[in-house]
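Following: one structure in C-alpha cells, then a few remarks.
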Amino acid sequence: YGQIKHATVKLQSLARGYLVREWYVKTRSAIVALQTYCRGYLARKHYCQVKAAVVLQALARGYIARRQFNRERSAIIYLQAHTRGYLARKKFASVKLAVVKAQALARGFIARRYYQETRVAVIKCQALVRGLIARRWFTRARAATLKLQSLARGYLARRHYGQVRCALVKVQSLARGFLARRLYAKTRSVVTIQALVRGYQARKHYTDVKASTVILQAYTRGYLARKQYVRDRTRVITSQTVVRGFLSRRRFTRAKAAVLTIQKYTRGCLARRHCREMKAATTIQAYARG
C-alpha cells in the first residue's frame, strides 16, 4: 500500500507539474505576446509623433533650401545666359567676319579665275572670228583677183589673137597678091606655097587653141581646187570651234564643281566645329546646372 501510494503521489506530482509547466509556458507566451503588442503600439505611436516632427522639419528645411537654390540658380542662369550670350555674339561676330573674309577671298579668286578663263576664251574666239573674217576676205579678194586676172588675160589673149590674126591676114593678103601675080608663071609653085602657108596657119591655129584650152583647164581646175580647199578648211575650223568650246565648257564645269566641293567641305567643317562648340557649351551648362 505504501509503495502504491508513493507511486500514485509521484504520478500526480508529475502530472500536476506537467500541467503547471504547460500553463506557465502558455501564460508566459501570452504575456510576452501582449507585452510585445503593447510595446510595439507605444513604439509606433512615439515613432509616428517623432516622424511627423521630422517630416515637418524636412519639409520646412527642403522648402527653404529649394527657395534658396532656386534664387541662386536663377541668378546663376541669368549670369550664365548673359555671359554666354556675350561670348556667343562675340564668337559669332568673329566667325562671321572670318567666314565673310574667306567667302570674299574665295569669290574673288573664283571671279578672277573666271574672268581670266573668259578673257582667254574671248580672245581665242576673237582670234578665230578675226581669222575667219581675214580668211574670208582673203578668199574673196583672191577670187576677185583671180577673176580680174582671168579677165585681163582673156583680154590680152583676145588682143594678141586679134593682132596675130591681123598680121596673118596681112601676110595672107601679101602672099595671095604675090601668088596672084605669079599665078600665070608658076602655078605649081603657087599651089605648094599655098599648101605650106595653109599648113602653117592650121598648125598655128591648133597650137593657139591648144594653149588656150590648157590655160582654161588650168584656171578651172585651180578654181575648183581652191573652192574645195575653202570648204574643207571652213569645215575643219567649225569642228575646231565646236571642240574648243566643248573643252572650255568642260573645264569651266570641272572648275565650278571643284569650287563648290571646296565650299561644301569648308562650310561643313565650320558647321561641325560650331556644332561641337555648342555641344561643349551645352555639356558645360548641364554640368553647371546638375
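Laboratory data are not the source of any read-out in this text; all were calculated from the coordinates shown. Owing to the predicted nature of the structure, the values given are computational and were not obtained by experimental measurement. Every residue, glycine as well, gets a Cβ built from its backbone with ideal geometry; the counts of neighbours run over all protein chains shown.
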Quiz item: Where in segment 214-244 is the amide nitrogen less than 15 Å from a point lying 7 Å along the Cα-to-Cβ axis of V164?
Solution: 214-216
Quiz prompt | Signed unit charges on C-beta, dipole axis of the chain, positive-most listed residue V100, L79, L42 | solution = V100
Self-check item: Stretch gain in nm, segment R16-R181, where the contour uses 0.36 nm per residue and the Cα spacing is subtracted
Solution: 37.9 nm
Quiz prompt | Förster radius 41 Å - calculated FRET efficiency between S239 and C269, Cβ distance, rounded to 0.05 | solution = 0.35
Practice problem: Using R₀ = 25 Å, calculate the FRET efficiency as 1/(1 + (r/R₀)^6) where r is the Cβ-Cβ separation of I76 and A280; round to 0.05. | Solution: 0.85
Quiz item: What length, rounded to one decimal in nm, is gained on full extension from V191 through to V32, with 0.36 nm per residue of separation minus their alpha-carbon distance?
Solution: 38.2 nm
Quiz item: P(r) for segment 26-139: what percent of alpha-carbon pairs falls in each 5 Å bin, starting at zero?
Solution: 2, 8, 6, 5, 5, 5, 5, 4, 5, 4, 4, 4, 4, 4, 4, 4, 3, 3, 3, 3, 2, 2, 2, 2, 1, 1, 1, 1, 0, 0
Self-check item: Cα point-scatterer Debye curve for segment 185-275, base-10 log of I(q)/I(0) at q = 0.11, 0.12, 0.22 Å⁻¹
Solution: -0.71, -0.74, -1.04
Quiz prompt | Label assignment, Kirkwood radius over Cα pairs in Å derived from the structure, set (i) 23.4; (ii) 36.1; (iii) 19.5 | solution = (ii)
Self-check item: Radius 11 Å from Cβ of V129, net charge of other residues (Lys, Arg +1; Asp, Glu -1)
Solution: +4
Practice problem: Report the local net charge at I110: Lys and Arg +1, Asp and Glu -1, summed over other residues whose C-beta lies under 12 Å from its C-beta. | Solution: +3
Quiz item: How far apart, in nm, are the 7 Å Cα→Cβ label points at R249 and V54?
Solution: 8.8
Quiz item: For the modelled label position 7 Å from the Cα of T83 along Cα-to-Cβ, which residues of segment 257-290 have backbone nitrogen atoms closer than 15 Å?
Solution: 281-290
Practice problem: For L42 paired with V100, estimate the spin-label separation in nm (one decimal), with each label point 7 Å from Cα along the Cα-to-Cβ line. | Solution: 8.6
